[in-house]
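The structure appears right after this line, and notes come after that.
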Amino acid sequence: LMSKLTFEVPWSALCSKNAKWIGRYSKVLSPKYRDAMTSCGALAVKAAIKQRWKQTPLRCRVVVEITEPDHLVRDAYNFGECLLDALTKCTAERIWNDDCQARDVRFFFREKPDKQTAGAVITVETL
């Protein structure tokens, strides 16, 4: 039995792992990173309730399709840590128990940037 959860995150709610810490050697999360985790987690929970997603103990596939707002060069994987953290920490265990369940993780950029629709479509699917 496979289950699938899909939700969208606006560009403003995405945060690169480069912005995770307040200082270079600090272990304090930056406000930007915390806000992004909270936003992504809330959007995931809202979608989970609407789509009747049940918390899963199973291994999962996570596909993140990113639409950039412009032509700047970015590393798609830099967005992953915040998104996976959000699905673990900010969802009251609504999506899964731990992000180690994400066994197949894929990130890709859509071909054309679009300022109006910039953000990401995240799909979590049980394996």
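The values are calculated or read from the model by the stated rules, or taken from the named source; none is laboratory data. Small disclaimer: the values here were computed from a predicted structure and weren't measured. Methodologically, a virtual Cβ is constructed for each residue, glycine included, from the backbone with ideal geometry; neighbour enumeration extends over all protein chains shown. Areas reflect the complete protein model, heavy atoms only, side chains present, ligands, DNA and RNA absent. Shrake-Rupley method; radii C 1.70, N 1.55, O 1.52, S 1.80 Å.
Taking segment 20-39 on its own, how many of its residues are open to solvent by less than 20 Å² (accessible area, probe 1.4 Å) and not in a helix (DSSP H, G or I)? Break it down stepwise before answering.
Narrowing segment 20-39 to residues open to solvent by less than 20 Å² (accessible area, probe 1.4 Å): 30, 33, 36-37.
Still in the running and not in a helix (DSSP H, G or I): 30.
Selection size over segment 20-39: 1.
If you take the residues in segment 59-75 that are assigned to a loop (DSSP other than H, G, I, E, B) and out of contact with any helix residue (DSSP H, G or I) (no Cβ under 7 Å at 6 or more places or on another chain), which one is surrounded by the fewest Cβ atoms within 10 Å (Cβ to Cβ)? Walk me through how you get there before you give the answer.
Residues of segment 59-75 assigned to a loop (DSSP other than H, G, I, E, B): 59, 68-75.
The next check asks that each one be out of contact with any helix residue (DSSP H, G or I) (no Cβ under 7 Å at 6 or more places or on another chain); those that pass are 68, 70-75.
Values: 68: 20, 70: 10, 71: 8, 72: 7, 73: 5, 74: 14, 75: 12.
Applying the filter and picking the extreme gives 73.
Among the candidates 91, 117, single out the residue that is modelled with pLDDT under 90, part of a loop (DSSP other than H, G, I, E, B) and closer than 19 Å to residue 8 by Cα.
Residue meeting the stated conditions: 91.
Can you tell me which residue in segment 76-127 is least open to solvent (accessible area, probe 1.4 Å), limited to those that are among the acidic types (Asp, Glu) and in contact with a helix residue (DSSP H, G or I) (Cβ under 7 Å, 6 or more places away or on another chain)?
Residues of segment 76-127 among the acidic types (Asp, Glu): 81, 85, 93, 98-99, 104, 111, 114, 125.
Add one more test, that the residue is in contact with a helix residue (DSSP H, G or I) (Cβ under 7 Å, 6 or more places away or on another chain), and what stays is 81, 85, 98-99.
Working: 81: 68, 85: 14, 98: 63, 99: 48 Å².
By that ranking, first place goes to 85.
Quick check on segment 40-58: of everything there that is open to solvent by 50 Å² or more (accessible area, probe 1.4 Å) and not basic (Lys, Arg), which residue is farthest from residue 112 (Cα to Cα)? If you could, list the steps in order and put the result at the bottom.
So in segment 40-58, the residues open to solvent by 50 Å² or more (accessible area, probe 1.4 Å) come out as 42-43, 46, 49-52, 54-55, 57-58.
Pick out the ones that are also not basic (Lys, Arg) and you get 42-43, 49, 51, 55, 57-58.
On the way: 42: 27, 43: 24, 49: 31, 51: 29, 55: 34, 57: 36, 58: 34 Å.
Only one residue fits best here, namely 57.
Being exposed (fewer than 12 other Cβ atoms within 10 Å of the Cβ), modelled with pLDDT under 90, in contact with a helix residue (DSSP H, G or I) (Cβ under 8 Å, 6 or more places away or on another chain) and not in a loop (DSSP other than H, G, I, E, B), is that true of even one residue in segment 7-19? First the steps, then the outcome.
Going residue by residue through segment 7-19, those that are exposed (fewer than 12 other Cβ atoms within 10 Å of the Cβ) are 18.
After this cut, where a residue has to be modelled with pLDDT under 90 as well, the list is 18.
After this cut, where a residue has to be in contact with a helix residue (DSSP H, G or I) (Cβ under 8 Å, 6 or more places away or on another chain) as well, the list is 18.
Those still in the list that are not in a loop (DSSP other than H, G, I, E, B) too: 18.
Within segment 7-19, one or more residues are exposed (fewer than 12 other Cβ atoms within 10 Å of the Cβ), modelled with pLDDT under 90, in contact with a helix residue (DSSP H, G or I) (Cβ under 8 Å, 6 or more places away or on another chain) and not in a loop (DSSP other than H, G, I, E, B).
Do we have residue 91 as over 23 Å from residue 3 (Cβ atoms), among the polar types (S, T, N, Q) and touching a residue at least 24 places away in the same chain (Cβ under 8 Å) here?
On the way: over 23 Å from residue 3 (Cβ atoms): no; among the polar types (S, T, N, Q): yes; touching a residue at least 24 places away in the same chain (Cβ under 8 Å): yes.
No.
Which pairs have Cβ atoms under 7 Å, sit 6 or more apart or on different chains, and link a residue in segment 26-40 that is within 14 Å of residue 79 (Cα to Cα) to one that is open to solvent by 80 Å² or more (accessible area, probe 1.4 Å) and not in a loop (DSSP other than H, G, I, E, B)?
37/89
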